[in-house]
Amino acid sequence: MLYDIRQTTTYTYGAPVRAARQVLRMTPVDQGVHQHVIAHMLDTKPPPSEIEHAEDFFGNAICYVTFDTPHERLEISMRARIDVHPLPLPDPETTPIVDAVREEALGSFDLSPASPVHGLFPTRSVPFDPVITDWVAESCPPDRPVLVAALEVMQRIKDGFVYQPGATDVTTLPSEAFAAKRGVCQDFAHVMIAGLRGIGIPARYVSGYLRTVPPPGQQRLAGADATHAWVDVWCGAQAGWIGLDPTNAIPVGEDHIILAVGRDYADVSPVDGVIVASGDHMLAVGVDVIPVERPQAEAPAS
């Protein structure tokens with residue numbers, strides 16, 4: 001599937017910002033066969049005085065921008081064309097059992113970016129929580145195929161939680177969202193990650209986008225009007241990381257475009273940094289993910 005993606009993030013400040021140093025994670029990751037970035041453009045108003053491109057440990061593209069002139073509004077625009085080819089989902093019943101995956105992950109000495117080790121331990125945003133761990137463990141007996149178990153956890157989150165923008169914010173902990181049984185995609189991903197890590201199954205956080213316009217006859221997916229989030233579950237060395245979307249209770253497919261991967265939201269926050277200012281600010285984010293008709297191949301000359 002070919003997509004044109006447009007994201008505009010606007011900060012309006014209550015007082016002039018004298019200087020700022022921002023970290024932007026708004027460049028979709030290129031994953032070769034699965035996801036190929038054909039074109040990408042990142043622009044800011046006002047323009048930065050300095051700009052530097054880099055890559056973080058997990059392979060996410062990051063952009064450091066510095067502003068040294070006062071401004072009361074910052075607009076960040078991203079445009080991209082992405083070619084997405086979904087990876088086939090393995091038969092869940094053929095994936096290793098939960099106990100085998102847990103032992104394999106805990107015994108791993110691999111420290112590469114794709115290692116399951118990075119999805120095993122608690123973080124500041126996703127601490128272990130015994131209540132969530134016990135709730136997830138109900139779906140994950142030791143002898144159950146790990147993908148069967150993870151799919152059930154995903155479905156239980158979809159069935160038991162209410163998608164309610166504004167009920168939480170970026171600082172909300174999984175325990176708070178779990179107790180309230182409401183939140184947004186970030187909360188549902190963090191709850192699922194916390195529970196799976198609690199029983200020793202590696203899980204990581206993925207930020208990205210959903211197509212804005214659904215195929216004919218299909219419902220619009222929740223979270224399609226903003227940046228989205230889901231979970232990668234490590235299902236053993238052979239199956240690797242498999243994406244599951246607990247907000248919509250679906251495996252990740254060609255409707256999902258990956259922006260960045262990390263241990264939690266803090267690793268992949270689209271905009272981070274430091275500003276020199278006083279007063280409040282307002283944030284507005286607009287996202288469009290539009291399917292593009294592929295150009296027809298020209299007929300050979302006769």
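If you bin every alpha carbon distance in the chain into 20 Å steps from zero, what whole percent lands in each bin?
Pairs per bin, as whole percents: 32, 56, 12, 0.
Order 268-276, 181-189, 114-122 from most to least packed using the mean count of other Cβ atoms within 10 Å.
Values: 268-276: 15.9, 181-189: 24.1, 114-122: 18.0.
So the order, starting with the most tightly packed, is 181-189, 114-122, 268-276.
Percent antiparallel among DSSP beta bridges with both residues in the chain, to the nearest 5?
Details: 71 of 73 bridges.
The answer is about 95 percent antiparallel.
How much area per residue is accessible in region 31-111 when the probe is 1.4 Å and only protein heavy atoms are counted (Å²)? Don't skip to the end; give the middle numbers.
Details: 4810 Å² over 81 residues.
In whole numbers, region 31-111 has 59 Å² accessible per residue.
Please identify the DSSP H helices in the chain that span no less than 18 Å along the helix axis (Cα) and have a mean Kyte-Doolittle hydropathy of -1.0 or more. Before the final figure, lay out the partial values.
Working: long enough: 146-160 (21 Å, 0.73); 185-198 (20 Å, 0.56).
Counting only whole DSSP H runs, the qualifying helices are 146-160, 185-198.
With N set to the residue count of region 119-212, report its C-alpha Rg divided by 2.2 N^0.38 Å to two decimal places. Please list the in-between numbers first.
Numbers: Rg = 12.7 Å, N = 94, 2.2 N^0.38 = 12.4 Å.
The value comes to 1.03.
Mind ranking 283-291, 49-57 by how tightly packed they are, going by the mean number of other C-beta atoms within 10 angstrom, highest first? Working shown, then result.
Details: 283-291: 14.8, 49-57: 11.4.
So the peptides 283-291, 49-57, ranked by packing, come out 283-291, 49-57.
Between beta-carbons, use under 12 Å as the cut-off and find the net charge around Thr10, counting Lys and Arg +1, Asp and Glu -1. The partial results should precede the final answer.
Values: positive: Lys45, Arg73; negative: Glu72, Glu75.
My count for the surroundings of Thr10 gives 0.
Can you compute the radius of gyration and Dmax for region 68-170, using only the Cα atoms, both in Å?
For region 68-170, the Cα radius of gyration and maximum Cα-Cα distance read 19.4, 60 Å.
For the chain, what is the calculated [θ] at 222 nm in deg cm²/dmol (nearest 500), taking -39500 (n - 2.57) for each run of four or more DSSP H residues and dividing by its residue count? Working shown, then result.
Numbers: 6 runs with 57 residues, N = 302.
Helix contribution divided over all residues of the chain: -5500 deg cm²/dmol.
Which whole-percent values make up P(r) of region 170-215 when all C-alpha to C-alpha distances are grouped in 10 Å steps starting at zero?
25, 45, 24, 6
How long are the three semi-axes of the equivalent ellipsoid of region 1-126, in whole Å, if each is the root of 5 times an eigenvalue of the C-alpha gyration tensor, listed from largest down? The partial results should precede the final answer.
Values: eigenvalues 278, 84, 33 Å².
The three semi-axes for region 1-126 are 37, 21, 13 Å.
Rounded to the nearest 20 debye, what is the charge dipole size of region 56-109 about its Cα centre when +1 sits on each Lys and Arg Cβ and -1 on each Asp and Glu Cβ? Intermediate results must be reported in sequence, preceding the final value.
On the way: 4 positive and 10 negative charges, 64 e Å.
For this selection, approximately 300 debye.
Put +1 on the Cβ of each Lys and Arg and -1 on the Cβ of each Asp and Glu in the chain; which of Val84, Val148, Gly160 then has its Cα farthest toward the positive end of the dipole?
Looking along the dipole axis, the top candidate is Gly160.
How large, in percent, is the carbon and sulfur part of the accessible surface of region 1-114 at a probe radius of 1.4 Å? Display every interim value, and only then the final one.
On the way: 3410 of 6030 Å².
After summing per-atom areas, the C and S share lands at 57 percent.
The values are calculated or read from the model by the stated rules, or taken from the named source; none is laboratory data. Just so we're clear, the structure is a prediction, and the values are computed from it rather than from any experiment. Virtual Cβ from ideal backbone geometry, glycine too; neighbours counted across all protein chains shown. The accessibility values were calculated without ligands, DNA or RNA, using every heavy atom of the protein model including side chains. Shrake-Rupley method; radii C 1.70, N 1.55, O 1.52, S 1.80 Å.
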